[in-house]
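Reading through the structure tokens given below for one structure.
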Amino acid sequence: MNSTIEDRDPIDGVAIIGMVGRFPGANSVDELWQNLCQGIESTTFFSDRELDPSIDPQLIQNPHYIKARGIIADGECFDADFFGINPAEAEVIDPQSRIFLELVVAALETAGYADTFDGLIGLYAGCSQNTYFSNHLAGRQDIFDRIGELPMMFAREKDYMTMRASYNLDLKGPSIGISTSCSTSLVAIAQAVQALTNYQCDLAVTGAVSMLAPQYTGYLYQEDSIFSRDGHCRPFDARAQGTIFSNGGGVVVLKRVEEALADGDRIYAVIRGVGINNDGADKVSFSAPSVDGQAQAIAMAQAYADVSPESITYIEAHGTATPMGDPIEVAALTQAFRLQTAANQFCAIGSIKGNIGHLADAAGVAGLIKAALALDHKQIPPSINFETPNPKLDLEHSPFYVNTKLADWLPGSSPRRAGVSSFGIGGTNVHLVLEEAPTARPSGSSRPDQLLLISAKTRTALATATSNLQAHLAAHPQINLADVAHTLRRGRKAYNYRSFVVCHDSAQRTLRERAEAIQALVPDKLPTRAVTSRSREVVLMFPGQGSQYVNMGVNFYQDEPIFREIVDRCAEILQPLMELDLRSIIYPAAEAAETAAVDLAQTFLTQPALFVTEYALAKLWQSWGVQPQAMIGHSIGEFVAACLAGVFSLEDALLLVATRGQLMWGLPSGSMLSVQLSAAAIVARLSPNLAIAAINSPNLCVVSGPTAQIATMQAQLESEEIS
């Protein structure tokens, strides 16, 4: 191994920060992972009655018609209203484009960037042939007449899938449609990696969708074709006879790894290397694979990543289980690995196609998601439908072995690494080298109570979102609730139907207690409301003397750093003016609470205490994004409003409040009364009402600097002979 390999910059590469998908037997990547770990085959075998009625009855009776396919739940359904698409248009859009729209939204939500992102978001994706048009819309002149020829073209052609998503979701980065047959989705991901590396975008959403319409159909088996004789896909097995095509789709969100680390993103894995090429004419036919072409793409990815093949201990193979495909693929992998190592059977190999079938254009992204999940969980799932190795693979003399059971992915001298391959009919080959995520920076300290916000466009969707959140929290009992609250607040769009729950998350709380609290997330028992889309204005109201009490705001002082920092700063400014630490009065020790309550009733202490508490609380609200359109106050509260409005600085306001309080209490103010006849001293003798009225007078030219404000106020006050 090159001695410099492990000395590379650890933040090289592109991070996978979000993954979503809809697969046979799994509507999420979490469900997919559970199915993979349990070795579940998700192909659906249909009865004659379950098959789509459009299928020729004679074909169904053909003994070579295999009534099997991997299907996705509700693949024909679409929430057009969510995207602002009218029903007539939605009816003619390719279901693959509709699913892609939904996946992109879900992917951005998963990554935490569904609301705002300060950068360009690019889309790189593809889809399979539009069978929905050919099987349902072609020849329907009434639909063409109603919709129009040009809109029909936009709805049916795969060229417009990514651009439709960019338009509907207001994404302004590159929007690129890619089509390379079975390698489409991994090629799209490779292009997204290059775009991020070249700073053509700052976030990339990439993947593919493949869905045959109607879904409930089988296929006609033909001898020596790529199709399985019995509806099962058996990668690398001696009984392998072919593959089975299924419906599904996946999307991943990519970001430059150094930025993902800096932003605290959740990283599943890091893409270190990319290799992509075409076989050219060096093969027996257009549709045949090539050992040399595949080997060169694999070696290219390893060279790009600058890693030794011996550090790669899992390969998610293309693995179609065809008599020609598997032997050529293993031969190509062996050829690439043998450039740097002679070691045998140190690298596990598997293929997701045994579980869910071949997703055609979306096959590569499914394999990538599997490999990224394996790196994230540090486990290698079993490759199913495997009993005896295909002797043509010669695995004993290769670097590879087929992993047949769920296995812990043991650490080595280098980070865990995986390779992912995808090869398209026509010869476009792509291989990626993945690496486990770098150690994440731990989340900082936070408050013991977390506000979890939930919103949706309809009441039904809100209930579903709440149930989904409950299920996620229950499945991850040790999750940091502060991180969840942050993502829900910053990474989700706020829709009109809203709900919330406050979760207590102290260190003393047991996992059982936490689990019981999560069970309380019942949709119909949470406070829920529907809001209008108009912006609601906020007015801050500040009370005056009489509203004070010992330990006012103590919970904020203990748990909110911003509140505490402001109170501490104010106390430090006031200490030389008042010759005491105001915090000892507001937040006294338990044994001094009774005395502090008596002291706090004295005006020279009451007014500074109220000012500091109200000012710090207002600043805390502003740090949370609550910006007032107006402010109003009574008595000392007016000074808080004036200070927040920029009429005078915090230092001048505290001087004013402290001096005024002492004068009103009849205390000698010492050197404070000789502040060069400043307006602060003059205003201290006034009622707050007169002071604020003078400040807001249209005859005054009040500028931003406190010195200018004081001079202007003093001149105005003296001219009116106010004393």
The correct ranking of Leu663, Leu339 by accessible area at 1.4 Å, largest first, is Leu339, Leu663
Per-residue accessible area, 1.4 Å probe, largest first, puts Ile585, Ile632, Ile176 in the order Ile632, Ile176, Ile585
Probe 1.4 Å, all chains present, heavy atoms only: Arg447 accessible area in Å², nearest 10, is 80
Taking a probe of 1.4 Å and leaving out DNA, RNA and ligands, the range 616-663 shows per residue an accessible area in Å² of 36
Rounded to whole Å², per residue accessible area for the range 305-445 with a 1.4 Å probe reads 34
Reported to the nearest 10 Å², Thr404 has, with a 1.4 Å probe, an accessible area equal to 80
With DSSP loop assignment and no more than 10 other C-beta atoms within 10 Å, the chymotrypsin sites (Phe, Trp or Tyr not before Pro) in the range 183-238 are Tyr199
Options [x] 28.2; [y] 27.5; [z] 29.8 for Kirkwood radius over Cα pairs in Å; the value derived from the coordinates is listed as [z]
Scan of the chain for GluC sites (Glu not before Pro) in DSSP loops with at most 10 other beta-carbon atoms within 10 Å gives a longest site-free stretch of 1-222
Output for the range 131-206: trypsin sites (Lys or Arg not before Pro) sitting in coil per DSSP, at most 13 other Cβ within 10 Å, listed by number, reads Lys172
Restricting to Cα pairs under 8 Å and 6 or more apart, the percent relative contact order of the chain works out to 13
Lys and Arg at +1, Asp and Glu at -1: neighbours of Ala589 with Cβ under 14 Å from its Cβ sum to -3
Carbon/sulfur accessible area of the chain, % of total, 1.4 Å probe, equals 53
Which residues qualify? For Asn278, with a placed amide H closer than 5 Å and at least 5 residues away or on another chain, they are Asn429
In this structure, among Lys255/Lys493; Lys255/Lys378; Lys255/Lys457, pairs with alpha-carbon gaps over 27 Å are Lys255/Lys457
Counting only protein heavy atoms and rolling a 1.4 Å probe, one gets per residue an accessible area for the range 23-157 in Å² of 48
Expressed in square angstrom to the nearest 10, the accessible area of Ser134 with a 1.4 Å probe stands at 60
Under 5 Å from the placed amide H of Arg256, counting only residues 5+ away or on other chains, we find Ala15
Residue-normalised 222 nm signal for the chain, counting each DSSP H run of n ≥ 4 as -39,500 (n - 2.57), nearest 500 deg cm²/dmol, is -11000 deg cm²/dmol
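The values are calculated or read from the model by the stated rules, or taken from the named source; none is laboratory data. Quick caveat, the model's predicted, so the values are computed rather than measured. Every residue, glycine among them, receives a Cβ derived from its backbone with ideal geometry; neighbour counts consider all protein chains shown. What goes into the accessible areas is simple: the full protein's heavy atoms, side chains included, and nothing from ligands, DNA or RNA. Shrake-Rupley method; radii C 1.70, N 1.55, O 1.52, S 1.80 Å.
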